[in-house]
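For reference, the structure is listed below as structure tokens.
The values are calculated or read from the model by the stated rules, or taken from the named source; none is laboratory data. Source: prediction; values computed, not measured. Ideal geometry is used to build each Cβ from the backbone, glycine not excepted, and the neighbour counts take in all protein chains shown.
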Amino acid sequence: MIGLKKIAAVLAVGMSLSVFAGCGLVVKTEEAIAREEAEKRGVVLAEGDGIKVTLGEVLDDYEKLMVSWTAQYSEETMKSLAAQFEQQKIQIMDTKLRNQLMVKKADELKIPTDSPEMIQEYEKIVKDAVAELGSQAEYDKTLSNAGYTADSYKQEVLKGLRLEKLLEEVTKDITVSEAEINEYYEKNKATTYTKQPGATMYHIFFGKPDDAGAEAKAKEAKAKLDGGAKFEDIAKEYGQDDSAKEGGLLGTFPWDTQELGADFVAEAKKLTEGQISGPVKTSFGWHLIKVTNVLSAAKVLVLTDKVTGDDGVERTVKEEIETTLKSSKKNEKVAALLDEWEAQYNVKRYPERIPMEYQTEPETTQPGTTTPAPTSQGVTTPTETK
């Protein structure tokens, strides 16, 4: 993996190797600094039977993350989130430990390291990522910024797919009963499964309110739409924000949403099912707005109604609840299995050995506990292994 130059090595380049006159202080040689660096990198953070995670491995992955974050965030954000970023060192240690545990179990269960099915799945992941990023060149650049070569990323994906097969194998017997589905539905009917008045909203953003050409472009685009052009095509042609590549889709929102500007929602609320507005100026800028799935009154969904899950797949409410409950049960079982495997392989953890510049409360390092990495809206990276 690609890592940043270590601080000690950088400092060593500019050091004088002479003895300071009159004080007898000798500056360490580059060899001594390199030796100390190697010793530090070899510090064991977690170990067990056939399992070892070292500080060097963690720092390599952390530095790769730092490269990615630096490309995504401003200098001010990097400073404000520095302590949060640094906590990822502990999560990297935990992830590496868990991966080693799962690899040992995958070996025991004779799960293949690759297969025609896994290669096909990897190729689809790459194809989808290239399409999402717009070109092979942009994909290669994103991969490089994330610290991967094409081959190292392939190996990482295949490893992830293998571990995914392992988790499927050890959780294949999990089921959800009708009673559990009905209980969950009744508990969440008034919230999750009650749709509030609102609509699915689309827009084409042409520029800020003071953009002299934005209104003219909006009128030009509206003329094309009136002539029969598809909204999603015009959004991709004219749109000036991230929604353009999704055909202008913003999502489904209630009319009282706080996620969109009040003046924008007020304009959307004037439209009827499938209607496209004329050029609209809001506090954010110039838009064309379209609404579908308009709901004028609250509606309680029944188990046979269709909904779209977080994964973009349309299912009945019943199927969605079953998927949700099954996923929760699988996560609980995997967490319990990881605990069992740690005990089986006599694992010990030493997170206190990780050097931290920012002193905070120590993170929990139980297998089922994670600290989410900082995310960035609108930043696309190659598909991660599951």
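Being modelled with pLDDT of 90 or more and either buried (at least 17 other Cβ atoms within 10 Å of the Cβ) or not polar (S, T, N, Q) (or both) is the filter here, so list the residues in region 307-330 that pass it. The answer is Arg315, Val317, Lys318, Glu319, Glu320, Ile321, Glu322, Thr324, Leu325, Lys326, Lys329, Lys330.
Within region 90-112, identify whether any single residue is surrounded by 14 or more Cβ atoms within 10 Å (Cβ to Cβ), at pLDDT below 90 and among the aliphatic types (A, V, I, L, M), and answer yes or no. No, that holds for no residue. Counting only residues that are exposed (fewer than 15 other Cβ atoms within 10 Å of the Cβ), modelled with pLDDT of 60 or more and assigned to a loop (DSSP other than H, G, I, E, B), region 346-367 holds 7 of them. When Lys154, Lys219 are screened for being farther than 30 Å from Met118 by Cα and assigned to a helix (DSSP H, G or I), only Lys219 passes.
Look at region 33-45: where a residue is surrounded by 12 or more Cβ atoms within 10 Å (Cβ to Cβ) and a partner is of a type in the set (Asp, Glu) and assigned to a helix (DSSP H, G or I), sitting 6+ places away or on another chain with Cβ atoms under 9 Å, you get Arg41/Glu57; Arg41/Asp60; Leu45/Glu57.
Just wondering, is there one or more residues in region 291-304 that are in contact with a Phe, Trp or Tyr (Cβ under 9 Å, 6 or more places away or on another chain) and within 25 Å of Gly239 (Cβ to Cβ)? Within region 291-304 (the criterion being in contact with a Phe, Trp or Tyr (Cβ under 9 Å, 6 or more places away or on another chain) and within 25 Å of Gly239 (Cβ to Cβ)), the answer is yes, since at least one residue qualifies.
For region 157-210, a residue qualifies if it is within 22 Å of Pro254 (Cα to Cα) and of a type in the set (Lys, Arg), and the qualifying residues are Lys187, Lys189, Lys195.
Across region 293-327, the qualifying residues are those that are assigned to a loop (DSSP other than H, G, I, E, B) and touching a Pro at 6+ places or on another chain (Cβ under 9 Å), and the one among them that is farthest from Glu273 (Cα to Cα) is Ala298. Just one of the listed residues (Thr292, Thr272, Thr316, Thr324) is closer than 20 Å to Lys189 by Cα and touching a strand residue (DSSP E or B) at 6+ places or on another chain (Cβ under 9 Å), namely Thr316.
Within region 47-58, one or more residues are out of contact with any strand residue (DSSP E or B) (no Cβ under 8 Å at 6 or more places or on another chain), over 17 Å from Lys348 (Cβ atoms) and at pLDDT 90 or above. Taking the criterion of being part of a helix (DSSP H, G or I) and surrounded by fewer than 19 Cβ atoms within 10 Å (Cβ to Cβ), the residues of region 189-216 that qualify are Glu215, Ala216. Candidates in region 155-176 are the residues that are closer than 16 Å to Glu332 by Cβ and either of a type in the set (Asp, Glu) or without any contact (Cβ under 8 Å) to a residue 24 or more places away in the chain (or both); of these, the one that is surrounded by the fewest Cβ atoms within 10 Å (Cβ to Cβ) is Asp173. Taking the stated definitions as given, is Tyr139 in contact with a Leu (Cβ under 6 Å, 6 or more places away or on another chain), farther than 30 Å from Ala336 by Cα and not charged (D, E, K, R)? Yes; evaluated as a whole, the condition is true for this residue.
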